[in-house]
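Asks: The structure's right below; bear with me while I get my questions together.
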Amino acid sequence: GHYLDALKRYRVRYLYGYSSALDALAQHALATGRDDIRLAVAYSNAEPFYEAWRQRVERAFGCATVDTYSASEQTFACYEYHRTLYVSPDVGVLETVRPDGSQAEPDELGEVCGTGLLNRSFVLIRYRQGDRAALAPRTERGPGPFAMPILRRLEGRCNDVLITPDGRAVGRLDPSFKGGMHIREAQFVVRQPDLLEVRVVPSAGYRDDVDGAAIRRQVRARVGPSMTVQVRCVEAIARTSNGKIRFVVRECDDE
């Protein structure tokens, strides 16, 4: 509530922060009926801007949402325009590589590595970021005179990719929560190699036979029959030491 009061008092128009924090702020505004704060735009930082989070922020503050993707080491930066991420070439060179270090093909998922152009004190060349992404072919460029490279897919951190018992790598599990489900936050926890627990923080109206069943059905469609999927309601999702939400957590050493 104090944050919302401050936004109004200082007439804030542009908001920049962790996606999960922006969503938490939006949820509080919606839950308390605060419709007196209107922003121009809300920018994400440090976490993917999942669609459910976007929709809540847009509804709560009547604003546009813009995703960003960058490295604190200043090796690259990407900014969204019309739901597409563009690589800013004046910040650094972004490449995607295979595990052996060879260049990934266009539209092939690889590990993100960046070469910064701004930090002259500590130069990082092809610095691996631990994220998985795919670049569009060089023939596809952004609109306007800058023709910036397009970051086609961003799958999140390599350790946020779930490995199924049959050896498949599954990323982008967040679409499992589409469809107006009554949940605030969620996290995937690999309890055993073949047991996946989905921890959800329910919101008003949550029903296991409706929301829980939909989550189980949509997650199974992505991970396949080799994993048992369970849904467990919790009061909150733990944050990391730097305030982020780990989307996939492993409690076993077999993956």
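The values are calculated or read from the model by the stated rules, or taken from the named source; none is laboratory data. Just so you know, these numbers come straight off a predicted model, no measurement behind them. Positions of Cβ are generated from backbone atoms using ideal geometry, with glycine treated the same way; all protein chains shown enter the neighbour counts. Surface accessibility is based on the protein's heavy atoms, side chains included, excluding ligands, DNA and RNA. Shrake-Rupley method; radii C 1.70, N 1.55, O 1.52, S 1.80 Å.
Asks: With the requirement that a residue be more than 20 Å from GLY179 (Cβ to Cβ), in contact (Cβ under 8 Å) with a residue 24 or more places away in the chain, open to solvent by less than 70 Å² (accessible area, probe 1.4 Å) and not hydrophobic (A, V, I, L, M, F, W, C), what does region 218-240 give you?
Replies: GLY224, SER226
Asks: Counting only residues that are in a strand (DSSP E or B) and either of a type outside the set (Phe, Trp, Tyr) or open to solvent by less than 70 Å² (accessible area, probe 1.4 Å) (or both), how many does region 106-142 have?
Replies: Total meeting the criteria: 16.
Asks: Determine the pairs where a residue that is under 21 Å from PRO137 (Cβ atoms) and among the charged types (D, E, K, R), located within region 100-121, has a partner that is open to solvent by 20 Å² or more (accessible area, probe 1.4 Å) and assigned to a strand (DSSP E or B) with Cβ atoms under 8 Å apart, the partner being 6 or more residues away or on another chain.
Replies: Correct list of pairs: ASP107/LEU135; ASP107/ARG152; ASP107/ARG153; GLU111/ARG128; GLU111/GLN129; GLU111/ARG132.
Asks: Checking VAL201 against (1) under 22 Å from the mean Cα position of the chain (by Cα); (2) without any contact (Cβ under 8 Å) to a residue 40 or more places away in the chain; (3) more than 24 Å from ARG54 (Cβ to Cβ), only one condition comes out false. Which one?
Replies: Every condition holds for VAL201 apart from (3).
Asks: Right, next: Limited to region 51-76, what total is found for residues that are of a type outside the set (Lys, Arg) and open to solvent by less than 40 Å² (accessible area, probe 1.4 Å)?
Replies: Count: 13.
Asks: In region 91-110, is there at least one residue being more than 29 Å from GLY243 (Cα to Cα) and of a type in the set (A, V, I, L, M, F, W, C)?
Replies: Yes, the conditions are met somewhere in region 91-110.
Asks: Looking at (1) farther than 14 Å from LEU151 by Cβ; (2) buried (at least 20 other Cβ atoms within 10 Å of the Cβ), which is the one condition that is false for ASP90?
Replies: Checking ASP90 against (1) farther than 14 Å from LEU151 by Cβ; (2) buried (at least 20 other Cβ atoms within 10 Å of the Cβ), the one that fails is (2).
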